[in-house]
Every structure is written in structure tokens, then in C-alpha cells.
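What follows is calculated from the coordinates using simple rules that are stated; it is not laboratory data. As the structure is a computational prediction, the values presented were derived from the model and not from experiment. Virtual Cβ from ideal backbone geometry, glycine too; neighbours counted across all protein chains shown.
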Amino acid sequence: MSPENKKGLKRLPLEGVMVLEFCQYLSGPSAGLRLADLGARVIKVENPGKGDLCRILPIKNQWVGEDSLLFHTINRNKESYTANLKSETEQAGVKQLIQKADVLMHNFRPGVMEKLGLGYQQVKAINPAIVFAEISGYGEAGPWAKKPGQDLLLQAMSGLMYTSGDQSHGPAPFGLAIGDMLCGAQAVQGILAGLVHRKRTGKGSRITLSLLESLLDMQFEVLTTYFASGKRPLRSAVNNAHPLLGAPYGVYPTKDSHLAIAMIPIWPLREALDCAGLEEFDQSKVFSHRDEIKQVLADYLKTETTDHWLTKLRESGLWAMDVKDWKALKKTEGYQHARLEQELKLADGQRIRTTRCPIQIDGEVLFSERPAPGLGEHTASIKEEFK
């Protein structure tokens with residue numbers, strides 16, 4: 001916790017909560033990251049050979065020492081404890097940690113923890129009050145249970161790829177591991193609910209999630225529409241941004257860049273832009289003539305710069321925004337005011353710039369300079385503490 005936080009916050013909400021994280025890659029570790037940001041003590045239990053395989057999964061071939069930069073982005077603020085879970089002696093040490101833990105979470109394939117003797121029923125026998133959270137790709141049972149739970153493959157299976165891109169395009173994946181991150185956030189919600197339940201009843205609980213269910217839940221708008229009509233909402237053929245919304249909703253190229261236009265009634269839009277081509281359309285046609293309206297706009301907006309159109313739209317109080325890349329975003333006053341970046345200090349003095357926790361508590365921003373742990377960095381001290 002930074003000195004700035006200490007001025008306003010004497011105690012983070014999850015201080016005193018101990019989490020054992022048996023997780024790899026992104027979904028589970030992202031949940032552990034958020035719990036750590038909120039004050040929990042997160043002990044990452046790793047294989048003594050390679051550890052979390054995310055350590056050797058680079059992004060843009062960027063490394064920090066022997067670990068990938070990606071590993072550092074989602075494992076800061078944690079401790080690393082190594083144990084061979086197939087060794088009876090080493091597992092005995094892990095079970096000592098389980099006795100004291102409040103939360104155990106894992107994202108191994110269904111059945112792996114049970115084979116190791118660390119499934120829910122086995123862990124519950126050691127610590128009946130524990131909150132046990134597990135993330136899988138498709139659920140613990142059923143015909144898809146053993147399919148690989150990788151984010152891109154889940155996007156392909158869940159129908160999500162038919163919400164982005166234009167109607168004539170093929171399936172368009174998110175440029176983010178959206179299933180992993182969303183499922184991790186929902187795991188935090190479930191764990192917090194489990195901790196509240198335990199506070200009220202003294203009983204632990206088992207929280208189960210899957211990437212498939214998280215990605216389907218995220219599509220509740222389009223799926224509910226599909227359930228009601230029996231037809232999949234089609235993406236717009238012109239400048240699609242949301243398959244359920246009518247014209248003019250979309251992103252349009254201008255003379256020098258791009259302009260995002262949100263929900264704006266047709267007549268105010270026509271008046272603000274002085275676009276004669278919109279005269280034949282009224283609000284009743286924003287769905288039935290969605291692509292025709294958007295094509296008129298697409299052709300018209302190319303004639304002037306983004307700033308030119310933004311000035312006109314904002315003078316009329318209409319919702320529009322220029323499309324920024326990260327370089328442009330970092331220069332804005334709003335980005336600077338939000339203080340979204342922080343630096344991590346590594347043991348060798350190297351620094352990594354990354355994002356901070358997005359949650360504020362009592363008006364205080366949560367920063368932490370504590371980096372991701374080296375593999376097994378805290379094993380000896382944890383063994384000494386819990387012997």
C-alpha cells in the first residue's frame with residue numbers, strides 16, 4: 001500500500017483474509033490480483049519446476065528477468081509458495097496452509113484437484129469454513145467438460161464473435177482475453193458472497209464458474225432478444241457497433257480520423273450536421289432502414305474533420321466522441337486526472353509501469369508497488385510461519 005493510501009485508509013477491506021491460489025494463466029490469477037488489491041493475503045501455490053505456466057507465456061516477446069511481462073501484470077501483490085502436490089510430504093505442508101486459509105481457488109481442469117486429494121470435499125474435511133472457488137472452461141461435467149478452456153476457443157464456442165464487426169465480415173474475436181477477465185471478475189463476486197455467507201452462518205461454500213457461462217452471461221441482451229424472436233440479431237452491414245441498436249449508432253471515418261456516434265434521434269442529428277441526405281428518414285426508420293441511414297452518414301462525414309463534426313454535435317448537446325488510440329488518450333486531461341498508472345519496484349531495482357486497481361474506497365485510490373513474486377520466493381518464510 002502506498003503512503004498516499006495510508007493517509008486515508010487504516011485498513012483495506014480484505015486485510016486478514018488469506019487466499020490460496022492454485023491458478024495458471026489469466027482467469028484465476030486475475031481474480032487473485034483483485035483480491036490482493038483489496039487487502040487479502042494471496043499465496044500463489046506453484047509447481048517447483050515451472051510454476052504458473054504464464055511465467056513462460058510472453059506478450060510481444062517481452063520478458064522481465066526469467067518471467068514474462070504478462071505474468072507480472074496479473075500476479076503483483078502476491079506471495080509464491082512452491083510444492084509438489086504429488087508428494088505426500090510436500091502436500092502435508094499445503095494442508096497446513098489450508099487449515100488457516102479463508103479461500104482456496106483453482107482453475108485446473110475438472111477432476112485434477114480431486115486426483116491430487118485437494119477437491120472440495122477433501123479440503124472441506126480439513127477446513128469446513130473455507131470458501132472453495134473453481135473455474136473451468138465448460139463446467140465440471142457434461143459433454144464439453146474436457147474441451148480445452150482457452151479464451152479464443154471459448155469465444156468461438158459461445159457465439160460472441162458474431163456481435164462485433166460488420167454483417168459481411170466473418171466472425172470477429174475480441175482483441176482481449178475477455179472470457180478470462182470476465183470470469184475472473186465474477187469469481188471475485190462469488191468469493192466475496194461466500195465470505196459474507198460464512199460471516200453470517202459460520203459455514204463455507206463452494207463457488208463454481210466456467211468461461212462459457214461467463215461469456216454467455218455477458219451476451220444477455222442479444223440472447224434474450226434471440227430467445228424472444230427466434231432470430232439472431234444481425235450486425236449492421238455499415239459501421240456496426242451493436243447488433244441491437246439502430247442508426248446512427250456506430251463508428252465512422254472522417255476526413256482525418258474516426259468519430260463515434262451514440263444514440264441520437266435522426267432529426268436533431270440532421271439539423272446539427274446539416275446533412276440533407278437524412279431528410280427522407282425519420283425516427284420510425286432507424287431499424288428498418290438502419291444501413292441506408294448509416295451509409296448516408298458514412299459518405300457525408302468523410303467530407304470534414306473529426307473536430308469539425310464534434311464541434312457541431314457538442315453545440316447541440318448530442319453524444320459523440322473522437323476515437324483515440326492509447327498515445328492520444330495518455331495526453332488527455334481526463335486520463336491524467338484519473339491516475340490510472342502505477343510503477344512496480346522489482347528486487348533488482350527495475351521498474352514496470354502497469355495499471356492500478358480500478359476500485360476506490362472512501363475516496364482513496366488503491367496503489368501498490370509490490371511486484372509479482374519470484375517462483376518459490378516465499379516458500380521458506382511461509383513454512384516457518386505455519387509449521
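Tell me whether region 36-84 comes out rounded, prolate or oblate; compute the Cα gyration tensor, take square roots of the eigenvalues as a ≥ b ≥ c, and use a/c under 1.5 as the rounded threshold. Walk me through the numbers on the way to the answer.
Working: a/c = 2.97, a/b = 1.25, b/c = 2.38.
It comes out oblate by the Cα gyration axes.
Can you tell which of MET113, MET263, MET105 shows the greatest fluctuation in a Gaussian network model of the chain with Cα springs below 10 Å?
MET263
Using a/c under 1.5 as the rounded threshold, could you call region 1-150 rounded, prolate or oblate? The axes a ≥ b ≥ c are square roots of the C-alpha gyration tensor eigenvalues, and prolate needs a/b larger than b/c, oblate otherwise.
oblate
Can you give the net charge of the other residues whose Cβ lies under 11 Å from the Cβ of LEU14, counting K and R as +1 and D and E as -1?
On the way: positive: ARG11, ARG34, ARG41; negative: GLU15, ASP37, ASP102.
Neighbour charge sum, excluding LEU14 itself: 0.
Roughly what % of DSSP beta bridges within the chain run antiparallel, to the nearest 5?
45 percent
Taking the number of other C-beta atoms within 10 Å as the exposure measure, put SER284, SER316, SER210 in order starting with the fewest. Numbers along the way, then the final one.
Values: SER284 9, SER316 13, SER210 24.
Fewest-to-most ranking of SER284, SER316, SER210: SER284, SER316, SER210.
Where does each of CYS183, CYS54 land when they are ranked from fewest to most other beta-carbon atoms within 10 angstrom? Before the final figure, lay out each step's value.
Numbers: CYS183 31, CYS54 21.
Placing the least packed residue first, the sequence is CYS54, CYS183.
Modelling each spin label as a point 7 Å along the Cα-to-Cβ direction, I'd like the ILE359/ALA347 distance in nm, to one decimal.
So the two model labels end up 2.9 nm from each other.
For the chain, what class follows from the C-alpha gyration tensor (a ≥ b ≥ c being the square roots of its eigenvalues): rounded when a/c is under 1.5, otherwise prolate if a/b is larger than b/c, else oblate?
prolate
For region 276-342, run through the trypsin sites (Lys or Arg not before Pro) and keep only the ones in DSSP coil with at most 14 other Cβ atoms within 10 Å of their Cβ.
Qualifying residues, ordered by number: LYS302, LYS331, ARG339.
May I ask you to list the aspartates and glutamates whose Cα is less than 14 Å away from that of LYS387, ignoring any residue fewer than eight positions away on the same chain?
Answer for LYS387, where 14 Å is the Cα cut-off: GLU90, listed by chain and number.
Quick one: Karplus J couplings for region 181-193, per residue in order, coefficients 6.51, -1.76, 1.60, θ = phi - 60°, nearest Hz, x for Gly and Pro?
5, 5, 5, x, 5, 5, 4, 4, 4, x, 5, 4, 5
If we sort 223-231, 375-383 on the protection proxy, mean other Cβ atoms within 10 Å, highest first, what's the order?
So the order, starting with the most tightly packed, is 375-383, 223-231.
For every helix of n ≥ 4 consecutive DSSP H residues, a contribution of -39,500 (n - 2.57) applies; sum these over the chain, divide by its total residues, and give [θ] at 222 nm rounded to the nearest 500 deg cm²/dmol.
Details: 16 runs with 147 residues, N = 387.
Here the helix-only value at 222 nm equals -11000 deg cm²/dmol.
Calculated FRET efficiency, HIS169 and LYS302, Cβ-Cβ r, R0 22 Å, to nearest 0.05? Numbers along the way, then the final one.
Values: r = 20 Å, r/R0 = 0.92.
In this case the efficiency is close to 0.60.
Using a 10 Å cut-off on Cβ atoms, rank the peptides 269-280, 185-196 from the highest mean neighbour count down.
185-196, 269-280
With θ set to phi - 60° and the Karplus curve 6.51 cos²θ - 1.76 cosθ + 1.60, what are the ³J(HN,Hα) couplings of region 34-43 in order, to the nearest whole Hz, using x for Gly and Pro?
Karplus values, whole Hz, x for Gly and Pro: 5, 5, 5, 4, 8, x, 5, 8, 9, 9.
Filter LYS302/LYS327; LYS231/LYS324; LYS78/LYS100; LYS44/LYS124; LYS231/LYS302 down to the pairs with a C-alpha to C-alpha distance above 25 Å, please.
LYS231/LYS324; LYS231/LYS302
Report, by chain and number, residues whose modeled amide H sits under 5 Å from the one on THR82, excluding near sequence neighbours (fewer than 5 apart, same chain).
Those lying under 5 Å, H to H, from THR82 are GLU46, GLY376, THR379.
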